Amino acid sequence: MKNSVVEITRETIISDHLIDAVRDANAGAIVLFLGTVRELTNGQQTSSLEYEAFDNMAITEIQSIIDESKQKWPLQKVAVVHRIGHLEIGDVAVGVAASSPHRKECFEATQFIMDRIKQSVPIWKKENWADGSSEWVHPGVENTEPTT
Amino acid sequence: MEVRIQFFALCREKTGCDEATLTLDPATSLPELKQVVLRDFPELETLATSLIFAVNGKYVNDFCILNEGDTIACFPPVSGG
């Protein structure tokens with residue numbers, strides 16, 4: 001556990017904190033990924049997003065993804081922070097940082113961790129569209145009726 | 001036996017509650033639980049094929065048997081990141 005940091009926060013994500021959390025004397029590479037709030041999705045304009053998490057389970061799931069990544073790649077340290085609550089365009093919603101002796105495994109591991117977070121961690125986003133309507137994003141669910 | 005069920009995201013909005021108590025037969029399986037949830041919360045019917053259940057904070061398979069006092073989470077497909 002001491003070589004990883006996992007956090008669900010309502011505060012602004014500071015990328016320097018993620019980088020500092022994975023600094024290591026045996027690391028020759030640090031990779032930082034930031035997921036940010038995008039304004040346009042398939043031509044539809046986003047005004048803001050609301051994120052909700054099942055906090056305890058989300059932290060456990062992220063930790064198990066990190067454990068799995070450490071079995072696949074020789075990682076020194078990993079830090080994952082996901083923000084919840086109200087986010088504006090350009091805000092950082094999620095940050096993943098990893099350190100390793102060489103860059104290749106660091107790039108691969110960071111992508112793996114981020115892909116898995118999107119697949120299985122119990123966090124949900126709701127789009128507040130610029131036209132005033134709102135809609136939960138639930139992949140695979142059809143007829144998600146907009147709520148206002 | 002009684003279990004606690006928590007709803008998240010669209011499931012919470014559709015049911016209008018964060019959590020509820022369910023009374024189940026002893027040794028209820030996950031597929032049986034799903035039937036009870038859809039019976040007690042018919043507003044979730046449109047999500048029936050995509051509902052995800054976790055038990056005591058962990059993903060489980062359909063062979064999972066529930067126990068008295070379990071806490072179940074019911075939610076739609078995740079969309080973090």
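What follows is calculated from the coordinates using simple rules that are stated; it is not laboratory data. These numbers were taken from a predicted model, which means no experiment stands behind them. Quick reminder, even Gly has a Cβ in these numbers, built from the backbone with ideal geometry, and neighbours come from all protein chains shown.
First select every other residue whose beta carbon is under 13 angstrom from the beta carbon of A:Phe54; then total the charges, Lys and Arg +1, Asp and Glu -1. With Lys, Arg at +1 and Asp, Glu at -1, the net is -3. By the Cα gyration tensor, the range A:69-148 has an equivalent ellipsoid whose semi-axes, rounded to whole angstrom, run 33, 14, 9 from largest to smallest.
Only Cα pairs within less than 10 Å get springs; with that Gaussian network setup on chain A, which residue of A:Ile30, A:Ile123, A:Ile14 has the largest fluctuation? Maximum fluctuation in the GNM of chain A, among the listed residues, is at A:Ile14.
Taking 19 Å as the straight-line reach from the Cα of B:Lys34, the lysines in range (excluding those fewer than 8 positions away in the same chain) are B:Lys14, B:Lys58. Note on chain A: GNM, Cα springs under 10 Å; of A:His86, A:His138, A:His17, the largest mean-square fluctuation is that of A:His138. Only one residue of A:Trp129, A:Phe54, A:Pro139 has its Cα farthest out toward the positive end of the dipole of the range A:54-148, where Lys and Arg carry +1 and Asp and Glu -1 on Cβ, and that residue is A:Phe54. Give me the Debye-computed log₁₀ of I(q)/I(0) at q = 0.12, 0.26 Å⁻¹ for chain B, equal point scatterers on Cα only, no solvent, two decimals. Computed log10 I(q)/I(0) values: -0.29, -1.48. Residues whose amide H lies under 5 Å from that of B:Cys64, counting only those 5 or more places away or on a different chain, are B:Leu30; hydrogens are built 1.01 Å from N in the peptide plane.
Here the sum of -39500 (n - 2.57) over DSSP H runs of 4 or more residues, divided by the residues of chain B, equals -6500 deg cm²/dmol at 222 nm, to the nearest 500.
Helix B:30-40 versus the longest principal axis of chain B: what is the Cα-based angle in degrees, 0 to 90, to the nearest 10? Taking Cα atoms only, the helix is inclined about 60 degrees.
Other residues within the sphere of radius under 12 Å centred on the Cβ of B:Ile5, judged by their own Cβ, net out at -2 (K and R +1, D and E -1).
Across the range A:20-110, the relative contact order, built from alpha-carbon pairs under 8 Å that are at least six residues apart, equals 47 percent. Translational D (Stokes-Einstein, µm²/s) of the protein assembly as shown at 25 °C and 0.890 mPa s when Rh comes from the Kirkwood sum over C-alpha pairs? For these conditions, the coefficient is 130 µm²/s. Considering only A:Ile65, A:Ile89, A:Ile113, the mean-square fluctuation computed in a Gaussian network model of chain A, springs between alpha carbons under 10 angstrom, is largest for A:Ile89. The count of lysine pairs in chain A with alpha-carbon distances below 25 Å, taking only pairs 8 or more places apart or on different chains, stands at 13.
The order of B:Phe63, A:Phe112, going from fewest to most other C-beta atoms within 10 Å of their C-beta, is B:Phe63, A:Phe112.
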